Amino acid sequence: MNDQAETLRKLVSSRVNSGEPRVGKGAARILTVSSGKGGVGKSNFTLNFALALKTLGCKVLLFDADIGMANIDVLMGVRSRYNLYHLLKGERDINEIIELGTQALPFIAGGSGLADLFSLSEADLNIFTSQIEALSDEMDYIIFDTGAGLSKETLKFIMAADECLVVTTPEPTAITDAYALIKVVHGMETEANFRLVINRVTGEPEAKQVADKISLVAQRFLDMDIPTLGYIHDDPHVMQAVKKQIPFSVAFPGCMAARDVQRLAFQYLNVPQTKPRDTLSGIKGFMHKWLKLAK
């Protein structure tokens with residue numbers, strides 16, 4: 001796994017040095033990771049995907065935005081001292097609530113403060129905005145692990161972000177709910193950008209079958225192209241790592257799921273990024289859209 005990661009880092013570095021565009025200073029790309037239903041491995045994927053991007057040399061901040069079910073810190077076996085609540089109450093600033101998890105991955109725990117985020121006064125929203133924008137020069141990617149399903153909070157995160165990775169599995173209910181999520185966001189007259197991640201598959205043929213079901217229906221009824229980022233094998237090491245409270249890419253770096261996530265991260269950095277939906281991008285663009293949605 002270490003040899004593979006080193007090879008991928010060199011490939012990414014050569015691409016950057018060749019003059020190809022990459023996320024630049026002050027323009028952190030904002031991603032949400034969502035799913036139509038719970039139980040598909042969304043948070044586990046998000047954590048290991050963030051670690052894989054970090055391994056490839058990217059500056060990544062992971063934000064646990066799953067209201068009521070925040071568990072990124074649990075998956076890493078880390079006890080968070082502070083969370084978003086302390087920021088919103090003015091008890092801590094943005095840098096003080098950023099914790100360091102596995103392999104020094106910066107993350108912000110969600111906790112009860114997430115519910116308060118959606119009922120802030122305009123003045124408090126402006127304070128929150130200035131705090132988040134303070135990160136603009138420090139990160140390449142900010143990844144929000146949202147709640148599963150179609151809550152209004154999850155929809156706001158998706159609509160404000162640059163892109164949404166939708167995690168699903170081959171289970172019929174997961175496929176149906178993933179499409180429903182895409183359909184609802186599309187119906188809200190927003191040009192959200194989606195990519196599929198197919199989790200817990202037996203291999204590439206099954207992954208392709210699942211992706212085709214969603215993409216073909218989206219093309220036919222929504223006139224949308226839904227590309228697939230990739231797939232992750234159904235790997236028993238994943239559950240073993242959860243029980244150990246260690247990310248599977250760290251606990252079992254040579255397992256199939258870890259290799260898959262590393263491959264997905266490399267592919268993500270080496271495919272054309274979707275274009276921003278307006279003239280603002282990065283954290284400022286995200287907060288600009290967020291403020292409009294919060295009114």
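The values are calculated or read from the model by the stated rules, or taken from the named source; none is laboratory data. Quick caveat, the model's predicted, so the values are computed rather than measured. All Cβ positions, even for glycine, are placed from backbone atoms using ideal geometry, and neighbour counts span all protein chains on display.
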(message) Consider region 175-194. How many of its residues are of a type outside the set (Val, Ile, Thr), buried (at least 20 other Cβ atoms within 10 Å of the Cβ) and at pLDDT 95 or above?
(response) 5
(request) Taking Ala265 as the residue in question, decide whether it is out of contact with any Lys or Arg (no Cβ under 6 Å at 6 or more places or on another chain), farther than 17 Å from Glu171 by Cα and crowded, with 22+ Cβ neighbours inside 10 Å. (result) yes
(request) Pick out, from region 30-118, the helices (runs of 4 or more DSSP H) lying fully within it that include 2 or more residues that are closer than 22 Å to Ile232 by Cα and at pLDDT 95 or above. (result) 42-55, 72-76
(request) State which residue is nearest to Leu53 (Cα to Cα) when the search covers only region 136-162 and only residues that are of a type in the set (Phe, Trp, Tyr) and buried (at least 22 other Cβ atoms within 10 Å of the Cβ). (result) Phe144
(request) Report yes if some residue within region 195-215 is touching a Lys or Arg at 6+ places or on another chain (Cβ under 9 Å), under 25 Å from Ala265 (Cα atoms) and assigned to a loop (DSSP other than H, G, I, E, B); otherwise report no. (result) no
(request) Considering only region 195-223, state which residues are surrounded by 18 or more Cβ atoms within 10 Å (Cβ to Cβ) and either among the hydroxyl-bearing types (Ser, Thr, Tyr) or more than 17 Å from Asp177 (Cα to Cα) (or both). (result) Val201, Ser215
(request) Working only within region 233-291, note down all residues that are of a type in the set (Phe, Trp, Tyr), under 19 Å from the mean Cα position of the chain (by Cα) and either at pLDDT 95 or above or not in a helix (DSSP H, G or I) (or both). (result) Phe248, Phe266, Tyr268
(request) Quick one: count up the residues across region 163-174 that are farther than 19 Å from Phe49 by Cβ and either in contact with a helix residue (DSSP H, G or I) (Cβ under 6 Å, 6 or more places away or on another chain) or part of a strand (DSSP E or B) (or both). (result) 1
(request) Please state which of the following conditions Ala218 fails to meet, knowing it meets all the rest: (1) small (Gly, Ala, Ser); (2) closer than 28 Å to Glu191 by Cβ; (3) touching a strand residue (DSSP E or B) at 6+ places or on another chain (Cβ under 8 Å). (result) (3)
